[in-house]
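A quick write-up on the structure given underneath.
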Amino acid sequence: MTAYLVRRVLGMFVLLFLLSVTVFFLFNLLPGDPARLTCGKACTPVIIEQNRHRLGLDEPVLTQYVKFVSGIFVGRTFAPNSPAPIVCNAPCLGYSFNRHEQVMTMIARAAPVTFWLAIGAFILWIFAGLSLGIFAALHRGRWPDRLVMGISLIGYSLPSFFIGLVLIFFVIIKWQMLPFPAYVSPFENPVKFLQTMILPWIVLATLNAAFYMRLTRNQVLEVFGDDYVRTARAKGLPERVVVVKHALRAGLTPIVTAAGLDLAYLLGGAIISENIFSLPGLGALAVGSVTNSDLPLITGITLLTASIIIVANLVVDLLYAVIDPRVRIT
Amino acid sequence: MLRTDVRLLRALTLGIAVALTLAACGQGNTSQSASQSGGAQQSTAPTTGGTIYILTQAEQFDQVDPQRAYTGEDLAFFGGTIYRSLVAYKFSADPIEGTSIVPDLATDLGTPADGAKTWSFTLRDGVTFQDGSPITCEDIKYGTSRTFATDVINQGPTYAIAYLDIPTLDDGSSAYKGPYTKVGQELFDKAVTCDGKTITFHLNKAVPDFNFTTTLGFSPVPAAADTGETYGVAKPPVSSGPYMVESYQTGNGGKMVLVRNPNWSQASDPYRHAYPDKWEVDFGIDPKVLDQRIMQSSGVDETAIQYGNIQPENLSIVFKDQETPNDQFAGRAVSGFDPYSRYYWINVNKVTNVKIRQAMAVALDRAAIRLNIGGAFAGDFADGVIKPNIGQDYASTGFWTDMLGKKIPDAGDPEYAKQLITESGEPAPKLTFDYPDTPTNAKTVAIIVQSYAKAGMTVTPNPIEPGQYYSVVFDPAKGHEFGTGGWGADWPNASTVIPPLFTQKGGWDLSQLDDAALNAKVEAAQVELDRATQAGLWQALNKEAMQNVWVIPTFFGLSQTIAGTKVAPTYRWPAYGSWPYGDMYVKP
């Protein structure tokens, strides 16, 4: 188990290194000139060159990469020879000349928003998905099963932007039941936090809950047909114990895999929900960085979200052993 | 089963979308009826108090720094609230009056001397920054000097560098490098002098409209508060206007909140009215949500205004035609010229034959292109690069009526284009069209390809990631034969249109022109002291540009925007193609 863990963690760092190389060089190969982009309307070749120097783009790409990586560990100074150098403290993922702010500062500000959005929606959809999925499985072929599957079909089919717009229009604009979303920390103003997050949670949870209803139902039904469940029933165990302790536990493995990756994906930013509800999370930050061709920000966010996925993958793999005793990690 | 479900869902989706739209209309109607019963939208007397909310899709202001702000709406907003300048544009919906200037920090419109090579302005009494310290000549001089630090203060207007009498180095840059390094400081101190409350600018040539120039990048900044690159962002900028920045957070859900500046006095600022108590700019609002909120105009949205344009899908709901709002939105939806002329630039080094360039213009199906980008709402057909809202410098060039030898239909004339290609003595060209890769542009390009094919010309589309577009096409090695472009005048004088577009020094020469004779004519027009004569020179140059087809003019852009039911006055301010922020108030 320990050897496996060490191997996986080392592999993760290798992957992160390769990822940083790929992302950095890929973005540097894109067409266009960031120095021209930061030059504005009244631009001359001299100003473009000054900008190139200020951004550190007049150095070889390899040097830029080394500075980028070292900045993560020891920080760095942009435009050190400029009259107004910009100090970027470690861990420095870069400096956005578009927003005049450190990339890490922006990510650190956006990450909690996405975290709360993802966690709240995750709890909702897992609760709704698992409970309704099990409920449908237990009533297989009867009307409760058909009702749950019908609901999941609708939830699965409606795009999140559509649900979001409908909710905003009726709940906020027309009926004025909630104020327009304005994110505050739950520790600062819990009521306003809930008022802001409830609709985005519902939007995100609707789509995912629908998927988990179907997944859970199918998994539980599959396990119900296994020999050991039949044995458990034959032993005279109560149905509750058969379902919860035997069927559900075994059936949970693929659900945990999907849930772990879905949560990790969501932690990288829920682009549509964040934009519709004006939430300042990582998804919105990512969209803004792409729209503005803000390469340092794009690089930083890409690295961060990819890292989250890689770490989540590892965690999911390790969780297999905890949930399903049939899985043995050596 | 699946097919039935899909049909059901489609019907449900369509039904809800229609219901949303109808519900918006219905509610708007109700609100307007109530509003109309109290009188016409702008007939109420201005009142003090309240908060005006500005809703925008943008995640931040392009720039907050007074030496870097350079988009019309930003200049109008900051100019009406936190930044004062020597002179400012009059608040008026009238195209002439609304582009005329009035004194602001200065006591008058400035005094030219030495054939307009020297300009002096005297500051008013009692003008202060938000901390109560007086605004001095030195503060304006310092603010002006920041523009020269092009390695720190970039993306803003650079007229100070272009016009002040400071030598340039061999590489074309100014010998003065700004207040941070102070390299060449003595040169700047000679070009800009202070004598008590009088600031004098010594220029390198006659600039008859230099007082207009001072609306761009000549605002005061106290040297002690200057943080260079991060000025106005890391901490609030120092206000000289009736409001000051209480907080500024960029990004989705971000806000800028302006509150009253306790040290501003109406006596020292007869120009701004400062009616509302507070301004709140809400960033990162989804454009569809934004439109619906202001169309509905309920709750705080009654006093909200849109910072940007109405989404195309809502235009026919809000407007009867490109100028007239529907009844329920009358008085709060406005349509007017935006600052921009749109055109297709042609690289004259790659398409050298003027007959070929003429054929490119003649073959173009402008009617189909306009339909694709929004029809008449998108703009009028352009006949040059000087837009009618610039005033006396505009005169019809006759580009589409007779300049090309005959009247060219809006849908193009492929047969005549073929004739022009034959007259050129060259084979039908193979061209590549550069454009920002957006869905609308992709459809436009398909129209261009099709209409040029009818005339025997081959066009290869070259989509470019929108954020990178200009950085690619300005590179002579990467730009192709032609592509999309647009330009807006910086003040109502074509001196801010013709030189940028058709001279290398101008900075926006997408056609890659570098013609000594043309440069001389442009220079002569720039220094012409008689405004009427100067207008004639610009008109002639605009015509020359069209005769040579350095660009194909497409549209004089229109834009449409909307305000809540309790904001007034609601008109398009011709100076910036924006709301008249300094003139706005919350209706009781």
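Nothing in this text is a laboratory measurement; each read-out follows from the coordinates by a stated rule. Note that this is a predicted model, so its numbers are computed, not measured. Here the Cβ positions follow ideal geometry from the backbone for every residue, glycine too, while neighbour counts run over all protein chains shown.
Net charge near B:Ala545, counting Lys/Arg +1 and Asp/Glu -1 over other residues with Cβ under 14 Å of its Cβ? Neighbour charge sum, excluding B:Ala545 itself: -1. Between B:Ala568 and B:Tyr585, B:Lys587, the built amide H atoms are under 5 Å apart, and every one of these is 5 or more places off in sequence or on another chain. For the range B:70-76, 3J(HN,Hα) computed residue by residue from phi via the Karplus equation (6.51, -1.76, 1.60; θ = phi - 60°) reads 8, 9, x, 5, 5, 4, 5 Hz, glycine and proline entered as x. Mean residue ellipticity at 222 nm from the helices of chain B, using -39,500 (n - 2.57) per DSSP H segment of n ≥ 4 over the full residue count, to the nearest 500 deg cm²/dmol? Theoretical 222 nm ellipticity from helices: -9000 deg cm²/dmol.
Where in the range B:465-495 is the amide nitrogen less than 13 Å from a point lying 7 Å along the Cα-to-Cβ axis of B:Asp437? Residues B:465-469 qualify, since their backbone N sits under 13 Å from the label point. Extents of the protein assembly as shown, taken as max minus min of Cα coordinates on every principal axis and listed largest first, are 109, 67, 67 Å.
Computed from backbone phi, the HN-Hα couplings of the range B:579-584 come to 6, x, 3, x, 10, 8 Hz, rounded to whole numbers (Karplus: 6.51 cos²θ - 1.76 cosθ + 1.60, θ = phi - 60°; Gly and Pro given as x). What the Cβ-Cβ distance of B:Gln185 and B:Glu97 gives, at R0 = 41 Å and to the nearest 0.05, is a FRET efficiency of 0.50. In the structure shown, the pairs A:Lys192/B:Lys278; B:Lys182/B:Lys235; B:Lys182/B:Lys521 are assessed against 29 Å; a Cα-Cα span above that value is assigned to B:Lys182/B:Lys521.
Within the listed set A:Gly164, A:Gly94, A:Gly225, the Gaussian network model of chain A (springs between alpha-carbon atoms below 10 Å) gives the highest mean-square fluctuation for A:Gly225. Taking other Cβ atoms within 10 Å as a rough exposure proxy, A:Val46, B:Val207 sort from fewest to most as A:Val46, B:Val207. Here the range B:189-203 is scanned for amide nitrogen atoms under 20 Å from the site 7 Å beyond the Cα of B:Ser265 along Cα-to-Cβ, giving B:197-198. Within the straight-line cut-off of under 20 Å between alpha carbons, the aspartates and glutamates reachable from B:Lys566 are B:Asp277, B:Glu280, B:Asp282, B:Asp291, B:Asp301, B:Glu302, B:Asp327, B:Asp583, sequence neighbours fewer than 8 places apart in one chain being disregarded. Projected onto planes of every orientation and averaged, the convex hull of the alpha-carbon atoms in the range A:245-312 covers 5.7 nm².
Over 25 Å apart at the Cα level, from the set B:Lys350/B:Lys418; B:Lys478/B:Lys505; B:Lys90/B:Lys255; B:Lys117/B:Lys141; B:Lys407/B:Lys454; B:Lys387/B:Lys587, are B:Lys90/B:Lys255; B:Lys387/B:Lys587.
The ranking of A:Ile309, B:Ile464 from fewest to most other beta carbons within 10 Å of each one's beta carbon is A:Ile309, B:Ile464.
A simple packing score, the average count of other Cβ atoms within 10 Å per residue, orders the peptides A:140-151, B:298-309, B:58-69 as B:58-69, B:298-309, A:140-151, with the highest score first. If the cut-off is a Cα-Cα distance under 26 Å, which lysines reach A:Lys235, setting aside same-chain residues fewer than 8 apart in sequence? Straight-distance partners of A:Lys235: A:Lys245.
With the helix formula -39500 (n - 2.57) applied to DSSP H stretches of n ≥ 4, chain A reaches a computed 222 nm mean residue ellipticity of -22500 deg cm²/dmol. In a reduced charge model with +1 at each Lys and Arg Cβ and -1 at each Asp and Glu Cβ, the protein assembly as shown shows a dipole moment near 3600 debye about its Cα centre. Pairs of Cα atoms nearer than 8 Å and 6+ residues apart set the relative contact order; for chain B it is 21 percent. Could you tell me which residue out of A:Gly71, B:Phe283, A:Leu165 lies farthest along the dipole of the protein assembly as shown toward its positive end? Charges go on the beta carbon: Lys and Arg +1, Asp and Glu -1, centred on the Cα centre. Of the options given, the answer is A:Leu165.
The A:Glu188 and B:Thr128 beta-carbon pair, evaluated with R₀ = 35 Å, returns a calculated FRET efficiency of approximately 0.50. Give me the aspartates and glutamates in straight-line cross-link reach of B:Lys355: C-alpha distance below 16 Å, same-chain residues under 8 apart excluded. Cα-Cα hits under 16 Å: B:Asp402, B:Asp413, B:Glu415, B:Glu423, B:Glu426, B:Glu481, B:Glu544. Based on Cα contacts under 8 Å between residues 6+ apart, the range B:146-241 shows a relative contact order of 25 percent.
Among the chymotrypsin sites (Phe, Trp or Tyr not before Pro) in the range A:166-200, those placed in a DSSP loop whose Cβ has at most 15 other Cβ atoms within 10 Å are A:Trp175, A:Phe187. Computed from the Cβ-Cβ distance with R0 of 25 Å, the FRET efficiency linking B:Asp195 to B:Ala224 stands at 0.65. Note on the range A:133-230: with charges restricted to the Cβ of Lys and Arg (+1) and Asp and Glu (-1), its dipole about the Cα centre is near 280 debye. Residues A:Arg230, B:Arg366, A:Arg109, ranked from the fewest to the most other C-beta atoms within 10 Å, line up as A:Arg230, A:Arg109, B:Arg366. With labels modelled as points extended 7 Å from the Cα through the Cβ direction, what inter-label distance (nm, one decimal) is found for A:Glu222 paired with A:Asp317? Reported label-point gap for A:Glu222 and A:Asp317 is 2.1 nm. Rank B:Ala162, B:Ala113, B:Ala378 by how far each Cα sits towards the positive end of the charge dipole of chain B (+1 on Lys, Arg Cβ; -1 on Asp, Glu Cβ) and give me just the farthest. About the Cα centre, the residue reaching furthest to the positive side is B:Ala378.
Within the protein assembly as shown, antiparallel bridges make up roughly 75 percent of the DSSP beta bridges whose residues both belong there. Distance between the 7 Å Cα→Cβ label points at B:Asp380 and A:Val87: 5.7 nm.
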